[in-house]
Amino acid sequence: MAYKGPPKVQKVMVQPINLIFRYLQNRSRVQIWLYENVNLRIEGHIVGFDEYMNIVLDEAEEVHMKTKNRKQIGSGKSASSFLERCISFIGDNAADCVKTNAFLNLPKEALIKLISSDFLCLEEEEVWRCALAWSKQRAGVTQPAVHWTGEERARVCQHLAPLMQHVRLLLIDSTVFAEEVEPTGAVPMELSLERYRRAALHAAPRHEPDKRTQPRSAVNMFVGSVILQQDRGGLQSLVNSWCGAPGGRRAWRLVFRASSHGYSAAAFHTHCDGVAPVLLLVQLSRGEVIGGYSTAGWSPGGAGGYVSSERGLLFSLSEPPVRYPLLKKPFALCYHPDCGPIFGAGADLLISNNCNMNSDSYSNLHSYGDGSLGSLGSLGSPGPQPAPSSLASEYNFTVRDYEIFTLDH
């Protein structure tokens, strides 16, 4: 029988990143309480674990002592699955995770598991800096490499040694390699020679896969997104290129998620009114993903409720993904207190009040598209297509979830 915990538990807000690190450090004790029906919610940096998991992690040692003679609940497969979800979460939110003290206190095995992952969303230069910071903390060294004594260098290199094969040194920028990596003395001579040989001779890639030259997943641009969390960078990069700076990376901040904040129009307006620019992601009940972008935001007071915008677009992420540019700038957005987000005067895209419980949401392209669209297929090749009457496969639809992002300046 699963441990229920005390009947009344004081609600404590705990950062999910710290909980995950604590799990990685204590998983041998905690895994007896991981069973397949635990409802875990890892929903980005704004939402924590269920209260149940707070109890399990906070009382892991006590529970272990009380139950060490009982039959274990759950399977190794279940515990392994949870561990992989933890690592996936850290990978997607790596830029925030590596700034925590908990990261510096990870055991060596947990750190290796993280930095060897293809889905650690960091540039390789940052992976190196993380490994170095962890090693310096373990060695009790605070100074830059140029100020190390011989004894300090030996201590740092001792901790760096088991990590070096997991840092993809061949991908590190040449300037960073020369100024930050080599001065530590931790790089094996043969690897330094191989790096310079490749650079000088422009060595052709090997026939067999070489993980040392394979880039990791793209940096997560939409931290906290449930709709794009399994994307691993493909669609995220595409949407960012459409809505952000051409050829550049933009950091998007999650403002609202219907499944977390509520599906009502009131909930949407409470969190999103006055926010600009805005990027909308909508997942329909059948799994389709559509959305829109505008440099303006929703606000009352405009004639007929309309809000003008200098730039905007609607898009569908079905195969192939397609974008529909704004044609009629005075009708970019529409504000209605009894509806969720509205784009255009068609309405080109309208999300209804309580959109998860009805099919009143709809799309009727009118202010966007109309033959002037740009399309990017799975390989990123542009190509014009005639604008359909609706952004979705059906005129009316039910919404599973939707999210609003804005640029994180």
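What follows draws every value from the coordinates through simple rules; no lab data is involved. As the structure is a computational prediction, the values presented were derived from the model and not from experiment. Positions of Cβ are generated from backbone atoms using ideal geometry, with glycine treated the same way; all protein chains shown enter the neighbour counts.
Okay, here's what the table says:
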| item | result |
| --- | --- |
| Sequence of 172, 342, 112 once ranked by neighbouring C-beta atoms within 10 Å, starting from the fewest | 112, 172, 342 |
| Amide proton proximity set for residue 407, modelled H, under 5 Å, gap of 5+ | 253 |
| Neighbour-count ranking [beta-carbon atoms within 10 angstrom, fewest first] of 120, 281, 171 | 171, 120, 281 |
| Under 5 Å, built H, 5+ apart or other chain: amide partners of residue 401 | 283 |
| For segment 91-201: rounded, prolate or oblate by the Cα gyration tensor [a/c cutoff 1.5] | oblate |
| Phi-based couplings in Hz for segment 125-142 (Karplus 6.51, -1.76, 1.60; Gly and Pro marked x) | 4, 6, 4, 4, 4, 5, 4, 5, 4, 4, 5, 5, 5, 5, 8, x, 10, 10 |
| Fully extended contour minus Cα-Cα distance, from residue 137 to residue 175, at 0.36 nm per residue | 11.2 nm |
